[in-house]
Each structure stands twice: as C-alpha cells, then as structure tokens.
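Trainee: Before I ask anything, here is the structure I am working with.
The values are calculated or read from the model by the stated rules, or taken from the named source; none is laboratory data. All values reported here derive from a predicted model rather than from experimental measurement. Cβ: placed from backbone, ideal geometry, glycine included. Neighbour counts: every protein chain shown. Heavy atoms of the whole protein, side chains included, go into the accessibility calculation; ligands, DNA and RNA do not. Shrake-Rupley method; radii C 1.70, N 1.55, O 1.52, S 1.80 Å.
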Amino acid sequence: MKFIKEEGCNMMKCRCGALMCYVCNQPVKNYNHFNGPDGSNTNLCPLFSDIIQLHKDAVLKSAEEAKRDLGISEAKRLKIDPTADIEQHYKTDTETVVPAAPVNPFLAMNREDRLAQERALQRFEHNRRRRRRH
C-alpha cells in the first residue's frame, strides 16, 4: 500500500500490520533499525528526519532515474520537467502567505445554470430535512 508521511518518526505501520522504514523503504521488525535522536550509529536510518528534504530528494532521485532509463542526458531539456520548479515547490521559508479570497462558483454561471443549481440545492436540503425527521 502506498502512503506519504506528513509527520512523526520514520517507522511506518501499514493497515495490515507490516512495519517499514520510510527512509530506505525496507521492512523492519522494531526500532533497532533506527538511529535515535541522540544516537551515534550513523549506519542506521534516522528515527526522525526533515520530511520536506526527504521528499525533495526522492523526487529528484526518481526524476534522474527516469531520465537515465529514457536515455535523456542532463544537457537536454525536457518539455515537461518534474524537477524544474522543485526549489519553489519545496520552499521552506516562513514567509506569511495571505490566502486568496474564496471564490463564489455561482458568479461564473449564467442565469439559467444558477437557477438550476439553486433548485438542486433546495431539493438536497429538503430531502436532508425529511431524512432527519424519520
């Protein structure tokens, strides 16, 4: 089963109960596979890691492998390059982002479509209220 880690340690547990390391993608049995936060055994995978850097490195590695498999050299530019804006995508600075104003989907509709949508919403609400009473 595929998954993407958002936070926490690098030992992942599948729904089936299997354990794996998020860093090396190998099955593990317990925490002995990992170097703890204050551990000195750098031969082991880290128990915690910078997830943004880990994902960025995985994208770059996969892109390089795909380019190599396709026989594309570093000098040749791709029409669609998955690594072109990688720095921007994984930007980690803490600048404040002002969210865009919510978009009203009804503004882009013509009058007929807007009325049909409003009738559909009214039917939905009516049916929802009826189900609650029963």
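Trainee: Any idea how many residues of the range 15-30 are under 25 Å from the mean Cα position of the chain (by Cα) and more than 15 Å from His55 (Cα to Cα)? Break it down stepwise before answering.
Mentor: At the first step, the residues of the range 15-30 found to be under 25 Å from the mean Cα position of the chain (by Cα) are 15-28.
From what is left, the residues that are more than 15 Å from His55 (Cα to Cα) are 15-20, 26-28.
Selection size over the range 15-30: 9.
Trainee: Given Pro82, Pro46, which one is in contact with a strand residue (DSSP E or B) (Cβ under 6 Å, 6 or more places away or on another chain) and surrounded by 10 or more Cβ atoms within 10 Å (Cβ to Cβ)? Lay out the reasoning, then the answer.
Mentor: Working: Pro82 fails: in contact with a strand residue (DSSP E or B) (Cβ under 6 Å, 6 or more places away or on another chain).
It is Pro46.
Trainee: Could you grab me the full set of residues in the range 64-79 that are open to solvent by 80 Å² or more (accessible area, probe 1.4 Å) and either modelled with pLDDT of 75 or more or of a type in the set (A, V, I, L, M) (or both)?
Mentor: Arg68, Asp69, Leu70, Ala75 - these are the residues of the range 64-79 that are open to solvent by 80 Å² or more (accessible area, probe 1.4 Å) and either modelled with pLDDT of 75 or more or of a type in the set (A, V, I, L, M) (or both).
Trainee: Based on what the data block shows, is Met12 closer than 18 Å to Ile51 by Cβ, of a type outside the set (Phe, Trp, Tyr), out of contact with any Phe, Trp or Tyr (no Cβ under 8 Å at 6 or more places or on another chain) and not in a loop (DSSP other than H, G, I, E, B)?
Mentor: Criteria not met by Met12.
Trainee: Have a look at Lys61, Lys56 and point out the one that is in a helix (DSSP H, G or I), surrounded by fewer than 13 Cβ atoms within 10 Å (Cβ to Cβ) and modelled with pLDDT of 75 or more.
Mentor: Details: Lys56 fails: surrounded by fewer than 13 Cβ atoms within 10 Å (Cβ to Cβ).
Lys61 is the lone residue from the list that is in a helix (DSSP H, G or I), surrounded by fewer than 13 Cβ atoms within 10 Å (Cβ to Cβ) and modelled with pLDDT of 75 or more.
Trainee: I've got another one for you. With respect to Thr83, is the statement that it is in contact (Cβ under 8 Å) with a residue 24 or more places away in the chain and hydroxyl-bearing (Ser, Thr, Tyr) true?
Mentor: yes
Trainee: What is the residue count in the range 4-30 for residues that are surrounded by 13 or more Cβ atoms within 10 Å (Cβ to Cβ) and either of a type in the set (Asp, Glu) or without any contact (Cβ under 8 Å) to a residue 40 or more places away in the chain (or both)?
Mentor: We begin by selecting, within the range 4-30, every residue surrounded by 13 or more Cβ atoms within 10 Å (Cβ to Cβ); these are 5, 9-12, 19-23, 28.
Now narrow it down to the ones that are either of a type in the set (Asp, Glu) or without any contact (Cβ under 8 Å) to a residue 40 or more places away in the chain (or both): 9-12, 19-23, 28.
Matching residues across the range 4-30 total 10.
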